[in-house]
Amino acid sequence: MPEKPIAEGLYRIEDGAPRLIGSRCVECGEVSFPSQDACPSCTTRGAEEIPLSRRGTLWTWTVQHFPPPPPYIGPSDRERFEPYGVGYVELAEGVRVEGRLTESDPAKLSIGMEMELVLLPFIRDAEGNDRMTFAFRPVAAARQRREILEETRR
């Protein structure tokens, strides 16, 4: 099935990896996500589009233990709902991005840990396309998975 972003202009793929698309104000230099034409601080129009860093620091987080109200898309009954992590990740450009986390176990999350951007399937549309959204995963967990794969190949 083809993959498409849940919203155009949210991210792009560079060198095989996802990059969120932000904007930088041409007047004051403030970085925003998602990309905006007008700066939220000084209201200057004509901000430049920039790719944001793939890695950042977990600034704060929580675990969503119950189905959110609409417009939430997903199982709304408690029996099928699966808790998920949500957090803010601070990127090198100084912007904090709110997003889903791939980890929901509080024992595996801590403020200040390094996170990296990944894409996850969100929903399948009427044409059969997987609509993708972004999320952040702990870098340490990604390293552990790579090490396990390398060890099984030996």
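The values are calculated or read from the model by the stated rules, or taken from the named source; none is laboratory data. Note that the structure is a prediction, hence the values are computed from the model and not measured. Cβ coordinates were reconstructed from backbone atoms using ideal geometry, including for glycine residues, and neighbour counts include every protein chain displayed.
Couple of notes before you dig in:
Each row is one residue, and each column tells you yes or no for (1) in the same structural domain as I123 (by TED's automatic domain parsing); (2) surrounded by 18 or more Cβ atoms within 10 Å (Cβ to Cβ).
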position	(1), (2)
G16	no, no
S23	no, yes
C28	no, no
W59	yes, no
V63	yes, no
P70	yes, no
L101	yes, yes
D105	yes, no
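- Test: residue in segment 122-135 that is surrounded by 16 or more Cβ atoms within 10 Å (Cβ to Cβ) and at pLDDT 95 or above: yes
- The listed residues are P51, P18, and the only one of them that is free of Cβ contacts under 8 Å to residues at least 40 places away in the same chain, touching a Lys or Arg at 6+ places or on another chain (Cβ under 9 Å) and under 26 Å from A140 (Cα atoms) turns out to be P51.
- Hey, V139 of a type in the set (V, I, T), closer than 18 Å to G9 by Cα and at pLDDT 85 or above or not: no
- For M115, the test of being surrounded by 14 or more Cβ atoms within 10 Å (Cβ to Cβ), at pLDDT below 95, assigned to a strand (DSSP E or B) and under 14 Å from the mean Cα position of the chain (by Cα) is failed.
- When P5 is tested against (1) outside the structural domain of R124 (by TED's automatic domain parsing); (2) touching a strand residue (DSSP E or B) at 6+ places or on another chain (Cβ under 8 Å); (3) over 18 Å from L120 (Cβ atoms), exactly one condition is not met: (3).
- Single condition V89 does not satisfy, out of (1) closer than 30 Å to C25 by Cα; (2) without any contact (Cβ under 8 Å) to a residue 60 or more places away in the chain; (3) assigned to a loop (DSSP other than H, G, I, E, B): (3)
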